[in-house]
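The values are calculated or read from the model by the stated rules, or taken from the named source; none is laboratory data. All figures in this text were calculated on a predicted structure; none of them were measured in a lab. We place every Cβ from the backbone using ideal geometry, glycine too, and count neighbours over all the protein chains shown. What goes into the accessible areas is simple: the full protein's heavy atoms, side chains included, and nothing from ligands, DNA or RNA. Shrake-Rupley method; radii C 1.70, N 1.55, O 1.52, S 1.80 Å.
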Amino acid sequence: MDIDLADPAFFAEQDFVAYFRRLREESPLHWNPDGKEPGFWSLTRYDDCARVQKDPVTFSSEVTNTLGQHRWTGDHGAGRMLTHTDGRRHTELRGIVGRAFTPRAISALEPYLRSVVQDTFEQALEQRQVDFVETMAMLPVASIAALLGVPRADWLMVLKLTTAAFGAADRELGMSRDARVAAAAAHTQLLLYCQDLMEDRRRQPREDIATRLVQAQEDGRLTEEEAMLFFDLLLLGGNETTRHGAVGALLALIAHPEQWATLRREPALLDSAVQEVLRHVSPSRHVLRSVTTDIELYGQTIRAGEQIVIWHSSANRDAAAFDRPDEFRLDRDPNPHLGLGSGTHYCVGASLATLELRLTLEALSAMVGSARVLEPPVPLASTVINGFKQAMVELTPS
Ligand code: HEM
């Protein structure tokens, strides 16, 4: 059991599914000693993971909510960003953007997003041999840009800056100094862009999130810096997660042709198929919480201030919660997966993520006749995102 779960390389190089199975059976509350990061506890069973996320008083998000360097250098969002607040402040922050993400508001985007997906697949099918990680880059950025109020003419630029600033999810492996400087410069440009956009909305309010962020500053709910952190969070939160969810969906369909054939025959399965993709792929591997008071768990005392990582990738494969959990079954029902989190921090972009994945599955069923993997996909070395650096596939039109 001497594996360091804070080591991003572990997830690229070893069978983490098998390791989590072992932890669930033998060490469901597991101490990960100091290694790549300061020590932390790991929870891997479904019930434990669900319970912790539903108790933000004992298990707080305020210090930070993921593994990473910020655990010892300090997290700039701590106590200020939606993901990094609890209680009343969290409710207040969530209220600022909540209405932009309701299922009704999101469904208004559907025709437009369907056209983005169709264009994406038309181009990919024309090329035939593509890196599907590249193919799926545009959809998440276009989706969130539309909600934020970024004009269409600027999307490509925002996509480039977002990718340069946050794109390489396996940056944890250690980027070169030059790459870090370039990422920081791209991030600064994004923040300046956000400032300009908000300035524009101050003069001309519209029905978009940029306007909500401006109004929240005017009535004192946000400082300008907090508004920019929000912008950042929204760009970041829905980007890599959805992209790798879509890539994982294609790879799972290729590996399970009988499921793909069923989906083509029964489009009514699309909604449950999306949920199964979220469970099976679990694009967000984990979330982290800090314990606010001494507690007992599995006969072990966990001290106030210590941190617990909730492994969604593991909870979503727990046989105590899912029948034959390692199987990819598009008609799985019930499917109470934790892929989008749970409790008060449940993904605010859930309706958007679900729509994007549904449209992707729809296109894969209707437009793609067959697909094959050309080279073994290269996994991301990341503790945060379950995905691939590259996934070369050949797509044939239907
Ligand atoms: C497949 C795609 C996605 C996955 C797997 C995913 C996963 C998650 C998870 C696990 C959480 C909980 C974080 C925690 O408990 O600390 C979360 C929260 C969040 N997600 Fe998503 N997400 C996805 C798409 C999106 C999209 C499209 C957006 C849109 C901007 C988004 C924005 C957010 C935000 C802002 C939060 C914080 C909510 C809060 O703290 O109250 N996500 N997401």
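Translational diffusion coefficient of the chain (Stokes-Einstein, Kirkwood radius from Cα pairs, 4 °C, 1.567 mPa s): 60 µm²/s. With a 1.4 Å probe rolled over the protein heavy atoms of all chains, the accessible area of Cys49, Cys347 falls in the order Cys347, Cys49, largest first.
Dipole size of the chain about its Cα centre, with +1 on Lys/Arg Cβ and -1 on Asp/Glu Cβ: approximately 580 debye, rounded to the nearest 20.
Taking a ≥ b ≥ c as the square roots of the eigenvalues of the Cα gyration tensor, an a/c ratio of 1.5 or more together with a/b larger than b/c marks segment 246-315 as prolate.
Amide H to amide H distances under 5 Å link Leu380 with Gly387, Phe388, Lys389, where only residues 5 or more positions off or on other chains count and H is placed in the peptide plane.
Computed with a 1.4 Å probe over protein heavy atoms only, the accessible surface of the chain comes to 43 Å² per residue. Projected label points at Gln189 and Ser370, each 7 Å from Cα along the beta carbon direction, are separated by 4.3 nanometres.
Between Phe40 and Asn32, the built amide H atoms are under 5 Å apart, and every one of these is 5 or more places off in sequence or on another chain. What part of the accessible area of segment 8-397, given as a whole %, is carbon or sulfur when the probe is 1.4 angstrom? After summing per-atom areas, the C and S share lands at 52 percent. The packing ranking, built from the mean of other Cβ atoms within 10 Å per residue, places the peptides 365-374, 233-242, 117-126, 285-294 in the order 233-242, 285-294, 117-126, 365-374, highest first.
Using R₀ = 30 Å, calculate the FRET efficiency as 1/(1 + (r/R₀)^6) where r is the Cβ-Cβ separation of Lys389 and Ala261; round to 0.05. It comes to 0.55. Between the residues Pro56, Val393, Tyr46, the greatest Cα displacement towards the positive end of the dipole of the chain, with unit charges on the Cβ of Lys, Arg, Asp and Glu, is found for Pro56. Each residue of segment 311-327 was assigned a 3J(HN,Hα) from its phi angle through the Karplus curve 6.51 cos²θ - 1.76 cosθ + 1.60 (θ = phi - 60°); the sequence is 8, 4, 4, 7, 3, 6, 10, 7, 5, 6, 10, 10, 5, 6, x, 7, 7 Hz, with glycine and proline shown as x. Surface calculation, 1.4 Å probe, protein heavy atoms: Val57 sits at approximately 120 Å² accessible.
Let me have the 222 nm mean residue ellipticity of the chain computed from DSSP H runs of 4+ only, each contributing -39500 (n - 2.57), with the sum over all residues rounded to the nearest 500.
Dividing the helical sum by the residues of the chain leaves -15000 deg cm²/dmol.
Within the same chain, lysines fewer than 8 places from Lys36 are excluded, and of the rest, those with a Cα less than 23 Å from its Cα are Lys389. Peptides 248-261, 198-211, 307-320 ranked from most to least packed give 307-320, 248-261, 198-211, packing being the mean of other C-beta atoms within 10 angstrom over each peptide's residues.
Given labels modelled 7 Å from the Cα in the Cβ direction, how far is it in nm from Gln127 to Thr301? Roughly 5.8 nm, to one decimal.
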